[in-house]
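Working notes, beginning with the structure itself.
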Protein chains: 2
Amino acid sequence: MSLPYAILTALLEKPSSGLELTRRFDKSIGYFWSATHQQIYRELGKLEAEGFIRTLPSQQPARGQKKSYEVLPAGRAELARWTGTSQDPRPHRDTLLLRMRAAAVVGTEGIEADLRRHLDLHQRQLAEYEEIDKRDFPPGKDSSQDRLRHLVLRAGIDLETFWIQWLTHALEEFETV
Amino acid sequence: MSLPYAILTALLEKPSSGLELTRRFDKSIGYFWSATHQQIYRELGKLEAEGFIRTLPSQQPARGQKKSYEVLPAGRAELARWTGTSQDPRPHRDTLLLRMRAAAVVGTEGIEADLRRHLDLHQRQLAEYEEIDKRDFPPGKDSSQDRLRHLVLRAGIDLETFWIQWLTHALEEFETV
DNA sequence: CCTCCTTGTGCAACTAGTTGCATAAAGCCG
DNA sequence: CGGCTTTATGCAACTAGTTGCACAAGGAGG
């Protein structure tokens, strides 16, 4: 699966401890590959056992003691291999669309309020992305690294924009019934 | 989770056997809630045990013997309850965006071909949706049922359109490096 | 200095989803 | 009528992801 590769990418961007990774997942990589701290700790253990990462020296492993990891050459190679390997898109699951379809059969009772709530959530997310856009990608920056990362952010922005439009349209539909 | 509700919706639209449901999932509900035949058979068993569905009469249960199900009033009520219940959007995972982010760190070797392949897949999917659009939603049809189902289809069409645009843009980016 | 809160790591048990395979009936075809 | 394919149902074992909780260290404050 993809989680180990998400972690390798995050660690290459910056060596971190489990908790730091968890926090960074919550506001960056996690936008398109979320993970709980549990998954992350477990995966860090596996990656270390496989020789893809190691704990930074000068740190004895103990509970409640911060333990930072960095990527080893074998880990970078494995990530590069995976990145270049063709993969099918994973099946796509969306509860809200499913509920709309159900609502067509059993009635729309109660769903409108939740559409509004989702609209609000997407608007917040969009605002967050635009914040990042302004902060991390000012006009001058366009190394090829930056351009790729910016492309990913654009996908996020455009997806949120799509949802906002769709939800707005759906809510209009409800008003005219 | 949502699978049982996807199945209830499909069965309300039309009573079916396990295999028929599997096929219908592959070309309708499955566009936003996919499931394997395995999941479906297991879930049908559970739904029957809970008294939400039953096998159509005049059918003895035997291997290799078709067994059709229909939704009972309790099942419809449960689906209506679920549909009207507020739910958080589930975390969103996308391998391709993750790979782009990884590519920013370890290089883009090999990813371009796969972007083209994905572009092709999305174009086919869009064509399929537009086919359904033409076939199932001619201008006259707009009962409130139809309008909701059409709204869901529009989401599919617009999402595919988004991906096609994004991938096209990404590939242009690659050419100018 | 002892309790409480925060930071950090981790185990165990669960739910959801996937993959591989078995089995049975029924139709097709020489 | 005997093997071959298709239709149909299902078990078992696996991988991925979630939830609930435990526990240790260190700092803050009465």
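No lab work stands behind these numbers, since they all come straight from the coordinates. All values reported here derive from a predicted model rather than from experimental measurement. Here the Cβ positions follow ideal geometry from the backbone for every residue, glycine too, while neighbour counts run over all protein chains shown.
Observations on the model:
- In this assembly of identical copies, the label point of A:Gln87 (Cα plus 7 Å along Cα-to-Cβ) is separated from its counterparts by 2.5 nm, sorted shortest first.
- Rounded to the nearest 500, the helix-only mean residue ellipticity at 222 nm of chain B stands at -21500 deg cm²/dmol, with each DSSP H run of n ≥ 4 adding -39,500 (n - 2.57).
- Compactness check for the protein assembly as shown: Cα Rg over 2.2 N^0.38 Å is 1.13.
- For A:Lys46, a cut-off of 26 angstrom between C-alpha atoms picks up these lysines, skipping any fewer than 8 places away in its own chain: A:Lys14, A:Lys27, A:Lys66, A:Lys67.
- With contacts taken as Cα pairs under 8 Å at a separation of at least 6 residues, chain A carries a relative contact order of 18 percent.
- Take each peptide in A:121-132, B:160-171, count the other Cβ atoms within 10 Å of every residue, and average; sorted highest first, the result is B:160-171, A:121-132.
- Counting every pair of alpha carbons in region A:24-153, the share spaced more than 20 Å apart comes to 68 percent.
- Other-chain or far-sequence residues with amide H under 5 Å of A:Ile53's (modelled H): A:Glu48, A:Leu72
- Across all directions, the average projected area of the convex hull around the alpha carbons of region A:10-57 is 3.3 nm².
- Given charges at Cβ of Lys, Arg, Asp, Glu: chain B dipole, positive-most of B:Val71, B:Tyr5, B:Gly84: B:Val71
- Three principal axis extents describe the C-alpha atoms of region A:85-177; from largest down they are 52, 32, 16 Å.
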